[in-house]
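Notes for the one structure printed next.
The values are calculated or read from the model by the stated rules, or taken from the named source; none is laboratory data. Fair warning: this is a prediction, and the values are worked out from it, not measured in the lab. Cβ atoms come from the backbone with ideal geometry, glycine included; neighbour counts cover every protein chain shown. Ligands, DNA and RNA are excluded from the accessible area calculation, which covers all protein heavy atoms including side chains. Shrake-Rupley method; radii C 1.70, N 1.55, O 1.52, S 1.80 Å.
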Amino acid sequence: MPGRGRNLGGVSAEEFEAVRTSAQRAAAAAPGVRAAGGPAVDAALRAAAELLRSRAPELLAANAADVDAATAAGMAAGLLDRLRLTPERLADMATQLDVLADTPEPDVERFVRTLPSGERVFERRIPVGVIGAVFEARPNVTIDVASQVLKARSAAVLRTGSAALGSATALVELVIAPALEAHGIPAAAVQLVPLPGHAGAEALVGLPDLVPLVVVRGSGEVTRKLSALGAAAGTRVLAHADGGGVLYLDSSADDTVVERLVHDSTDRLGVCNRLNLLLIDRPVYDRLLPVAEKVLRGRGIELSLPPHAHALGHEWALDSGNEAHVTVAPVDGAVDAALTAARETSGLAACVCAEDEAVAHRFLDAYTGTGAFWNTPTRLLDGYKLLGLPETGINVDHTPGPRGPVTYPDLALRQFVVLPPV
């Protein structure tokens, strides 16, 4: 029976049915998204940008209620920062929608080759249909993911962290739905799972017939669990789990560059690409540690020095109440630093601070993670900063497929079309 999913442990029949109903609505709307075409989708994105601006007071009020409730519940400062919307953040969200709408799309079809027998082979990009997303309590991600999925000509089923449910509901009902409807696209193309807690997320990855692809973001433990549940159900999961940026300070590093990188890598502590692990070349450990320490302490950040009572790659951004920490450790040169970064962390991003170009390239060649940087902060590993597009998440899989910031061109299926000889 189409749309029949697998009931998962810990999810009641009522919860599963609620998520399936959302998925069915999205599936029914998906053909309308595909049929609307690029100009209509882009027009809807521009309309959504204008609604973000014109309805800012209502959106900020809904978000303030979420923030007040989270504060009363004892949410840590780093998580509150991710939850909070400001006029500036709303303006940035609107700008990103305008940029996305103006972004030329890759060709839908490309010629591959002519077979010896004369047939012509083409490769096409076709929509997935319905794409799910599970993400943390960050209201802006509601807009980021919905816009990327729509640009990829699919419908979306979104499940956000319970703390942001009020904000996300306002964004869908006051911004996304009316913008779609105004341009002939079914408003039901973006569904928001109404369930708090993890039940909605577990149900969403268990509906492969309706939602074959789910982007999963959040804490490592939860994301790994959802990935396993999705795999068991037959759902393709693009996971953004563990993060944590690494900065290696080489013997050839310039003090002023060290100061800049440490400073620019710690502007926000509740994000995955912030400085998390600081590695220092052993011969200059005693010289460069005070340079970095001065900057970190100026930002109110504590150093976790060896010997460590935790894993070297422990991600402080996910340690509620302890976000204001950076782990420090000595290493034996660039290659050891690169291998340590890849071994001890998720492999999200690592930077080498060095004036010696040969050293920098030894590090870059040895590091196998998703983003490698030389004298530039790992905070740049972000879809909008790196690619000029919002992202659905950052995929750090060590297997072929979308890797790094996942944007709408990654959210498509490959189809081969063979035509007869001319």
Write out, first by first residue and then by second, each pair whose Cβ atoms fall under 9 Å of each other, whose residues are 6+ apart or on separate chains, and whose first residue, in the range 219-232, is more than 11 Å from V205 (Cβ to Cβ) and at pLDDT below 90 while the second is of a type outside the set (K, R) and assigned to a helix (DSSP H, G or I). S219/L318; G220/L318; E221/L318; V222/A201
Got a sec? Which of L195, L210 is touching a Gly at 6+ places or on another chain (Cβ under 7 Å), open to solvent by 10 Å² or more (accessible area, probe 1.4 Å) and assigned to a loop (DSSP other than H, G, I, E, B)? L210
Report whether or not L165 is in contact with an Asp or Glu (Cβ under 7 Å, 6 or more places away or on another chain), surrounded by fewer than 24 Cβ atoms within 10 Å (Cβ to Cβ) and more than 21 Å from R46 (Cβ to Cβ). no
Among the numbered criteria (1) among the hydrophobic types (A, V, I, L, M, F, W, C); (2) surrounded by 20 or more Cβ atoms within 10 Å (Cβ to Cβ); (3) part of a helix (DSSP H, G or I), which single criterion is violated by V11? (3)
Give the residues of the range 282-299 that are more than 29 Å from the chain's Cα centre (by Cα) and either open to solvent by less than 10 Å² (accessible area, probe 1.4 Å) or under 27 Å from L386 (Cβ atoms) (or both), sorted by residue number. L288
Take the residues in the range 399-422 that are of a type in the set (A, V, I, L, M, F, W, C) and under 25 Å from A349 (Cβ atoms); name whichever of them is surrounded by the most Cβ atoms within 10 Å (Cβ to Cβ). L411
Show the residue pairs meeting these rules: Cβ distance below 6 Å; 6+ apart or different chains; first residue within the range 263-287 and β-branched (V, I, T); second residue open to solvent by 60 Å² or more (accessible area, probe 1.4 Å). T266/R299
Here is a list of conditions, (1) more than 30 Å from the chain's Cα centre (by Cα); (2) without any contact (Cβ under 8 Å) to a residue 60 or more places away in the chain, and D319 meets all of them except one; can you say which number that is? (1)
Elements of type strands (runs of 3 or more DSSP E) contained in the range 53-171, each with 1 or more residues being within 21 Å of L238 (Cβ to Cβ): 120-127, 130-135, 155-160
In the range 385-398, is there at least one residue being open to solvent by 10 Å² or more (accessible area, probe 1.4 Å), part of a strand (DSSP E or B) and either in contact with a helix residue (DSSP H, G or I) (Cβ under 7 Å, 6 or more places away or on another chain) or closer than 24 Å to V112 by Cβ (or both)? no
